[in-house]
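Here is the structure we will look at.
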Amino acid sequence: MRGGAVLCVLLLSLAWLSPAWGAEGGEEDGEVLVAEEEDEDEEDEVLSDELMEEDGVLVLHEHNFARALREHRLLLVEFYAPWCGHCRRFAPEFARAAALLRNGSEAVRLGKVDAVAQTALSAEFHIEAFPTLKLFRDGNRTHPVAYSGRMDAEGMVLWVQRRAGPSATLLHDADTVAAFIGSQDITVVGFFKVGRGRGGQGWAVGMAVLMVGTMQDLRGEAAQAFYEVAAEVVDVVFGVAEEDELFEAYGLSADTVCLFKKFDEGRTDFPVDPEQGLEVAELTRLLRVHSLQLVMDFSNETSGQIFGAKIPNHMLLFLNTSVAEQQALRDEFRAAASTFRGEVRWSHGKKGRGLGEHSLSAARLPPFQVLFVVVDVDGYGATVLPFFGLTPSDAPTLRFIKMENNRKYRMEADAFSTTAVRDFVQAVLDGKVKPQLLSAEPPEDWNTRPVKVLVGKTFEQVAFDETKNVFVKFYAPWCTHCQEMAAAWEELGERYKDHEDIVIAEMDATANELENITISGYPTLHYFPAGPGRKMVEYRSARDVETFSKFLENGGKLPEEPPTVSKAPENSTESPSPSGTAEAREEL
């Protein structure tokens, strides 16, 4: 590296000072040496393991990464790309989280790595998308923990703090447990007979064994899984108990995780299966689902819970909550909701005693089928009305939505009694109701523009015209990726506007829905070749005019990346892989 720099300076000197080369050689030699020394200084600076900061965040690279791990017990690292829009928007929240975590402590720090420049670190930690966050603990760089919390400052702080200390509180007696349960609207207590059958060792010894991960009996493994769940579910407080008197006080005879809540049924038990133990991901999901109220009010505060629970179906009651007559409909709606909560039982088929009426084994769970949600059309819920093709004046009304494909269903005529709501939901689940498909009205000049404007009503006749090869962009008006691609798509339309057998088209997928095709990300590009068979080709290559043209001229395929060909039958739903979503992280 140093020799190359010297050669470069020599060549520049020859061009610049050639008239005096013979007479002033010594001076030029001196200049070369100075340049070489400066280059050495720059190289030393790059190789330094000094830890620098930007906005309270450590700036990490391959030469100081090991030092950062040594000096900080917990280190949350963001791998980013300078050009990534998501990373730029995320940066202020990351810096704010760093400030909240500092508070004079050096044990927990946040750092960032330019994953484009630091290719060795990107390869080592398998960075495939931006931003990616990983937590390094106690200097261990071989097994970082993938970040799974919220992407805001408070969420990051909670997630890291839960991992900085014990994730659950040890509860010694009945008074302590009662006070713990009463301290929050939702609490989780794990009852584990840790150490029983192993020489009578108590909790302290058992806990020490758990922390080093050497306990091999089933009960120890279940307790360890519980602590892992407690570290993951940071918005709920967790406690642990082992005393016999506490098992008796809460009607338990075996290791059990109990969810206590100050609403609905009050308590849900999750017994540890004697053969299968506790599975971390499943218990995490169950706690999130059963922490929800039987009927949720849609708001800025609850939206994360509603979507994060990943319940496959939602039944929505749209109300103007300021109208008393509409507000009264909640009682009937709530009564219907209990049917679809999901009956949960003990693994041996008998219900638990006392408050543990709704108890279950994680290995034998019927699914939580439908989440019931009330949407205030005059409040926060107004933001989702366009998605359902509704206006505030449509309230009160009901809608059912399948979350996997955004299919929406409505009654032929709204009926709000408990029986009517229950029967409608069951009919949808049984496949007896057809989805309601949104469609905008086509513009008057939709067919005269270089890029044809399709809507739900006109899609079939254009896309599946057997005499045409139709290339369609499915977009969302608010999607930045779609906006960036718009000019190229218009240019493509101009290029092929006079071709008899090629049609360039676009459809706003947020205002129009198709029975046979599901659009999961924006923009999504599909090619519908001429001929019979209702074929559909997903385009997954570069988004520029020349590559688009090669694709079209080659009959809907590119030699270097064969597209996926599928058939879009009359009465089925295609679920193509999205070419990108507005909420997704940007990929390498």
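The values are calculated or read from the model by the stated rules, or taken from the named source; none is laboratory data. Because the structure is predicted, anything quoted here is derived from the model rather than measured. Neighbour counts are summed over all protein chains in view; Cβ atoms, including those assigned to glycine, are modelled from backbone coordinates with ideal geometry. Accessible surface is based on the protein model in full, side chains and every heavy atom, while ligands, DNA and RNA are left aside. Shrake-Rupley method; radii C 1.70, N 1.55, O 1.52, S 1.80 Å.
Key figures
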read-out	value
In nm, spacing of pseudo-spin labels at Ser393 and Ala487 (7 Å Cα→C-beta vector)	4.1
Separation in nanometres of the label points that stand 7 Å from Cα toward Cβ, at Arg70 and Thr339	6.7
Heavy-atom accessible surface of the range 47-97: percent carbon and sulfur, 1.4 Å	50
Where labels lie 7 Å past Cα in the beta-carbon direction, separation of Ser253 and Glu228 in nm	2.9
Members of Lys112/Lys550; Lys452/Lys557; Lys434/Lys557; Lys457/Lys557; Lys434/Lys468; Lys112/Lys473 lying beyond 32 Å, as alpha-carbon distances in this model show	Lys112/Lys550; Lys434/Lys557; Lys112/Lys473
Rounded, prolate or oblate (a/c below 1.5 giving rounded, otherwise prolate when a/b exceeds b/c) for the range 123-166 by Cα gyration tensor	oblate
Exposure ranking of Thr391, Thr187 by accessible area [1.4 Å probe, largest first]	Thr391, Thr187
Extension gain from Leu558 to Thr169, taking 0.36 nm per residue of separation minus the Cα-Cα distance	134.2 nm
Proximal lysines to Lys261, defined as alpha-carbon separation beneath 29 angstrom and excluding residues fewer than eight positions away on the same chain	Lys193, Lys310, Lys350, Lys351, Lys402
Relative contact order of the range 43-183, defined on C-alpha pairs under 8 angstrom at six or more residues apart (%)	27
Under Karplus coefficients 6.51, -1.76 and 1.60, residue-wise ³J(HN,Hα) of the range 516-521 in Hz, glycine/proline x	9, 9, 10, 9, 9, x
By accessible area with a 1.4 Å probe, ligands and nucleic acids excluded, highest first: order of Phe263, Phe270	Phe263, Phe270
Peptides ranked, highest mean first, by Cβ atoms within 10 Å: ranges 71-80, 130-139	71-80, 130-139
Shape call, the range 73-146: gyration tensor on alpha carbons, a/c limit 1.5	oblate
Computed FRET value (nearest 0.05) for Arg449 with Ser303, which takes r as the C-beta separation and R₀ as 35 Å	0.40
Shape category assigned to the range 418-540 from the gyration tensor of Cα positions, a/c cut at 1.5	prolate
Under 13 Å, Cβ to Cβ, from Glu332 - net charge with Lys/Arg +1 and Asp/Glu -1	-1
Calculated from backbone phi, Karplus (6.51, -1.76, 1.60) coupling profile of the range 421-431 in Hz, x at Gly/Pro	5, 4, 5, 5, 4, 5, 5, 5, 4, 7, x
